[in-house]
1. Can you report the number of residues in segment A:77-94 which are touching a strand residue (DSSP E or B) at 6+ places or on another chain (Cβ under 8 Å), touching a residue at least 24 places away in the same chain (Cβ under 8 Å) and of a type outside the set (K, R)?
2. Can you tell me which residue within segment A:1-19, out of those that are hydrophobic (A, V, I, L, M, F, W, C) and closer than 15 Å to A:E156 by Cα, is farthest from the chain's Cα centre (by Cα)?
3. Regarding segment A:133-144, can at least one residue be identified that is at pLDDT 95 or above and away from chain B (no Cβ under 13 Å)?
4. Out of curiosity, is B:I137 more than 19 Å from the chain's Cα centre (by Cα), open to solvent by less than 40 Å² (accessible area, probe 1.4 Å) and in contact (Cβ under 8 Å) with a residue 40 or more places away in the chain?
5. Out of everything in segment A:48-68 that is within 14 Å of chain B (Cβ to nearest Cβ) and touching a residue at least 24 places away in the same chain (Cβ under 8 Å), what residue ends up being most open to solvent (accessible area, probe 1.4 Å)?
6. Can B:A112 be described as closer than 24 Å to B:M242 by Cα, of a type in the set (A, V, I, L, M, F, W, C), free of Cβ contacts under 8 Å to residues at least 60 places away in the same chain and outside any loop (DSSP other than H, G, I, E, B)?
7. Of all residues being small (G, A, S), more than 18 Å from the chain's Cα centre (by Cα) and over 16 Å from B:T193 (Cα atoms) in segment B:87-113, which is modelled with the highest pLDDT? Just the residue, please.
8. Of the numbered conditions (1) exposed (fewer than 14 other Cβ atoms within 10 Å of the Cβ); (2) at pLDDT 90 or above, B:K146 satisfies every one except a single condition; which is it?
Amino acid sequence: MSMLEIRKLSMFFGGLAALHDVNFDVRQGEILALIGPNGAGKTTLFNCVNGFYNPSEGQVLFKGKPITGLKPHKVCNLGIARTFQVVKPLSRMSVFDNVLASAFLRNPTRKGAEDVADEVLHFTGLWDDRDQLSKGLPLGKRKRLEIARALATQPEFLLLDESFAGLNPAELDVSIDIIRGIKQQGITVMIIEHHMKVIMAISDRIVVLNFGQKIAEGTPAEISANRQVVEAYLGEEHGA
Amino acid sequence: MKNNLAPLIVLAVLAALPLLGLNSYVMHILILSIMWTLAGMAWNLLGGYCGQVSFGHAAFFGMGAYSAGLIHLHLGASPWWGFLASLPVVALVALGMGSVVLRLRGPYFVLATLAIGEVLRITCENLTDFTKGTLGIMITRTWVEKTQYYYIILGLAALAFIVCRVIVHSRWGYYFVAIREDQDAAESLGIDTTRYKTIALTVSAMLTGLAGAFYTNYMGYIDPGVVFSLGEISILIIMVVMVGGVATEWGPALGAGIMVILAEYIRSLPLIGVAYQTMFGVLLIVIIIYLPNGLVGDWPVLKRKLLRRGAPA
């Protein structure tokens with residue numbers, strides 16, 4: 001079943017087509033990776049799904065219902081959470097309070113929200129840092145805090161925007177485990193990532209964007225064998 | 001809720017103060033301090049916790065003050081009914097104002113609130129048939145003694161303290177701070193930022209209006225130049241919170257006490273007394289540079305500095 005359907009999606013900024021007639025589905029329970037060179041329109045697509053942008057043309061359907069043009073908080077209420085490429089922690093709040101603020105979405109009482117926050121912090125390995133101000137966290141943990149905060153809204157669908165960028169190898173492994181754990185909870189994931197090792201390790205399917213257009217879609221094996229993708233993005237050594 | 005002891009002790013001490021037989025000047029200072037505490041706590045909810053810095057809170061103070069004045073002038077009712085009358089009036093003004101200014105962010109929001117405060121002052125000055133314009137409104141004060149006024153404003157401030165505390169520790173409070181820290185992040189985490197900013201503005205406005213209604217009853221005379229004043233109301237409210245501590249529970253109370261006493265002191269000085277607003281400006285700059293989080297917010301920093309200076313070399 002399709003969780004998210006992207007239908008003829010286009011987004012123009014003046015004369016520039018950041019997205020042009022993009023079509024694909026994200027199936028329930030899978031991890032779909034969105035890859036492509038810088039400026040390919042990946043984050044623009046996220047912004048169209050999450051409600052920051054109202055697409056110029058086309059539609060986004062979530063569980064069969066159109067969500068195009070809804071405000072971000074409405075989209076989040078429906079069950080789609082996101083993280084940001086440039087992390088946006090609530091700096092002068094503790095790690096715990098960051099997550100708690102999100103947990104209130106589906107748990108109006110403080111007790112209920114605290115329980116969710118506890119669970120999410122344990123799951124993402126941030127429990128020991130819960131009392132720290134989030135601006136004091138190193139980048140790796142701030143990236144994880146983004147994920148924790150999104151999870152605290154108890155989504156069915158998660159948009160991860162470069163959650164692995166800038167992580168060291170040890171942190172990469174931790175984050176890979178976290179994403180796999182998210183999948184096990186039945187949450188569908190769409191992830192933007194440049195790190196090919198991570199992409200190949202976790203994704204069920206891959207969609208490739210280049211200059212705002214979809215140039216390929218398929219399993220990791222299919223994508224790494226795709227001539228066009230190799231030329232546009234991966235380069236020769238990955239294509240082998 | 002934890003830590004109910006400290007507020008109760010403070011309240012008990014304040015409630016016992018009039019029993020000492022303080023003279024009426026000291027009582028006046030205390031009453032003004034508590035009134036500014038009330039206004040400061042109100043501003044802090046919107047400006048401190050929710051991060052929407054308003055330079056136009058005189059609009060709400062003035063509306064509250066004129067609610068009390070006008071029902072007396074036109075309906076012959078006791079100006080004490082102004083407390084009740086002010087709540088819906090100020091709430092409506094806040095909702096209307098919010099629908100416009102809360103779309104703006106940062107400095108644009110600041111300028112819009114500043115403009116609205118001034119627009120209301122000028123409107124009030126010119127609606128001479130309705131408000132008596134710059135002549136102002138005079139009421140007969142209920143009591144000559146200060147004690148009754150003291151207990152009334154203390155009760156109002158205690159109520160506002162409870163309201164703020166409950167809000168800040170609830171979902172609303174977390175949403176306010178989330179909006180302050182990053183509006184886009186808050187929005188994408190499911191927080192209806194427009195709605196919660198409107199709530200913060202409305203509650204803040206209503207509490208400020210109560211301070212205004214009290215002002216009319218206590219002072220016995222209001223005119224637009226005073227209760228809608230940019231310098232003496234809007235900016236003074238901000239100073240109270242900045243000096244005491246932005247987004248802190250006790251900041252407004254501490255700031256109000258300091259500002260009221262300082263204003264009285266500076267005004268009593270020869271020569272520079274008339275320039276007390278200039279002195280306030282200088283003080284504000286010093287605070288922003290050295291204690292950007294106010295006395296309460298920067299207390300740990302302040303303590304460290306003082307201890308180091310006090311220690312033998």
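1. So in segment A:77-94, the residues touching a strand residue (DSSP E or B) at 6+ places or on another chain (Cβ under 8 Å) come out as A:78-85, A:91-94.
Those still in the list that are touching a residue at least 24 places away in the same chain (Cβ under 8 Å) too: A:79-85, A:91-94.
Next, only the ones that are of a type outside the set (K, R) stay: A:79-81, A:83-85, A:91, A:93-94.
Qualifying residue count for the region: 9.
2. The first filter runs over segment A:1-19 and keeps only residues hydrophobic (A, V, I, L, M, F, W, C), leaving A:1, A:3-4, A:6, A:9, A:11-13, A:16-19.
Filter once more, keeping what is closer than 15 Å to A:E156 by Cα: A:1, A:3-4.
Numbers: A:M1: 20, A:M3: 14, A:L4: 13 Å.
The selected residue is A:M1.
3. Pass one, segment A:133-144, residues at pLDDT 95 or above: none.
Scanning segment A:133-144, I find no residue that is at pLDDT 95 or above and away from chain B (no Cβ under 13 Å), so the answer is no.
4. Values: more than 19 Å from the chain's Cα centre (by Cα): yes; open to solvent by less than 40 Å² (accessible area, probe 1.4 Å): yes; in contact (Cβ under 8 Å) with a residue 40 or more places away in the chain: yes.
When the stated conditions are applied, B:I137 passes them.
5. It comes out as A:Y53.
6. Values: closer than 24 Å to B:M242 by Cα: yes; of a type in the set (A, V, I, L, M, F, W, C): yes; free of Cβ contacts under 8 Å to residues at least 60 places away in the same chain: yes; outside any loop (DSSP other than H, G, I, E, B): yes.
Judged against the criteria, B:A112 is a match.
7. Here the residue is B:A112.
8. Answer for B:K146: the failing condition is (1).
The values are calculated or read from the model by the stated rules, or taken from the named source; none is laboratory data. Note that the structure is a prediction, hence the values are computed from the model and not measured. Cβ sites come from the backbone with ideal geometry, for glycine too, and all protein chains shown count toward neighbours. The protein model used for the area step is the full one, side chains on, heavy atoms only, and it has no ligands, DNA or RNA in it. Shrake-Rupley method; radii C 1.70, N 1.55, O 1.52, S 1.80 Å.
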